[in-house]
Amino acid sequence: MAEDSSCLLCGLLDETHDHLFFTCEFSSRCLQLLSDWLSVVIPGQNTVNWWVSMRFRSLFLKRITGAAICSLFYQVWHARNKCLHESVMVVPKIIIQFIRQVICTRIRHVISYKLQEKHSRLIRRFMS
Ligand SMILES: [Zn+2]
């Protein structure tokens, strides 16, 4: 008996590494919501273009964006496993809300006050 290799998040294509994290419509929607929140272009698989587009952005924004993308990879994997083991489907909007909450908490509690002052306008935008 062959196992079903369909993507658990969209059910449209086989679940490969590239599909799950980059081309799946679920992941693409998450990336789009993350891009909207951070006001940066996150072009999926083409990380070279992303780094080029980020070259004039502040180190602070680069770090926040990097942390958000790493968190997104984990959350997509977590959503996939939640679907597999608990038959629960998480919607992209909830994933992004969670990532926003984690990033904002880290900004508030981990990043020094001096750095927060320097990037206060950016931080206010993230937290709104
Ligand atoms: Zn998919």
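Tabulated data
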item	result
Globularity index of segment 17-127, i.e. its alpha-carbon radius of gyration over 2.2 N^0.38 Å	1.11
Amide hydrogen neighbours beyond the local backbone of residue 42, cut-off 5 Å, H modeled	none
Close Lys-Lys pairs in the chain, where close means Cα under 29 Å and separation is 8 or more or interchain	4
Local electrostatic count, residue 106, Cβ distance below 12 Å [Lys/Arg +1, Asp/Glu -1]	+3
Point-to-point label distance, residue 109-residue 61, nm (Cα→Cβ direction, 7 Å offset)	2.8 nm
Of 22, 56, 78, farthest towards positive along the dipole that unit charges on Lys, Arg, Asp, Glu beta carbons give segment 17-127	56
Amide H contacts of residue 119 (H built 1.01 Å from N, under 5 Å, at least 5 apart or other chain)	none
Rounded to the nearest 20 debye, dipole of the chain from Cβ charges on Lys, Arg, Asp, Glu	1240 debye
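Every number here is computed from the coordinates shown, using simple stated rules; none is lab data. Worth saying up front: this structure is predicted, and the values here are computed from it rather than measured. Quick reminder, even Gly has a Cβ in these numbers, built from the backbone with ideal geometry, and neighbours come from all protein chains shown.
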